[in-house]
1. Relative to the compact-globule scaling 2.2 N^0.38 Å, provide the ratio for the alpha-carbon radius of gyration of the stretch 83-228.
2. Once you put a point 7 Å from the Cα of Glu50 and another 7 Å from the Cα of Met77, both along the Cβ direction, what distance in nm separates them?
Amino acid sequence: MAGRWQVAGATWKVAETDPAEIVRAPARAADRYREAMTALPDWMRPPRAEGWFAEDLDRLPEAPRHTELIDGALVFMMSPQRSWHGRLVTALTTTLMAQAPAGFEVEREMTIRLDARNRPEPDLLLTDLPYDPDRTWYAPEDVKLVIEAVSPESAHRDRTVKLRKYAEAGIPHYWCIEDEDGAPVVHVYELDEPTGAYAPAGIFRGTLQRPVPFEVNLNLDRLTPPRSNQKVSTKSARTEEGSDSSESNPS
């Protein structure tokens, strides 16, 4: 958001328009830009012409939780988190922690300083560094696996932008988890070192078994409650409630 600006209405539609209006259109757009800049709180203004740097995130107490830095621009999570996303990340955190061998730590919602202008916050990461209660970020060379659970708001970044940036930073493994009718589907990528890009290593439904970065065996269907059972349970509860009400109030 801050550090990179787009003016709403910057694309104009010209059809039977007074030429004078065409001339005035860019001026009006510039006015809207200045108004938007004036309305912003001071902390959202980049401290330099180049935009924000990775270390700036540690000096922004006013920023919303889960603020990321992508190409020198602050990215805010504006949409409410879905229950599916929260349940999935929680279950995956505890499952991976239980399976991770000694020497590995699983971290949730911790940023990675990929470079001076990029500091994303994945849903989960796996590191070989020991636990440090005061840590606020990781360097990419200390991260062995990054996991992103795709949401509608983050879909483009998770599938394309972060896929490229994590690979360029040398992180060996990347999992991108999609919601397929309530069931998690994991797209697994492994870094191809000669090209410096991720190579697809499989799409997993139901179960996921991988030998790297450690021996992983996941029952994906147990990571989130089944959506169909929820509907059936709700309908049954309503039916039973209606039956009880009829029995207690006979006509």
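1. For the stretch 83-228, the normalised Cα radius of gyration comes out at 0.99.
2. Taking the simple label geometry, Glu50 and Met77 are separated by 2.9 nm.
Any read-out appearing in this document is the output of simple, stated calculations on the displayed coordinates, not a laboratory observation. Note that the structure is predicted; figures quoted are calculated from it, not measured. Here Cβ is always computed from backbone atoms with ideal geometry, including for glycine, and neighbour counts include all displayed protein chains.
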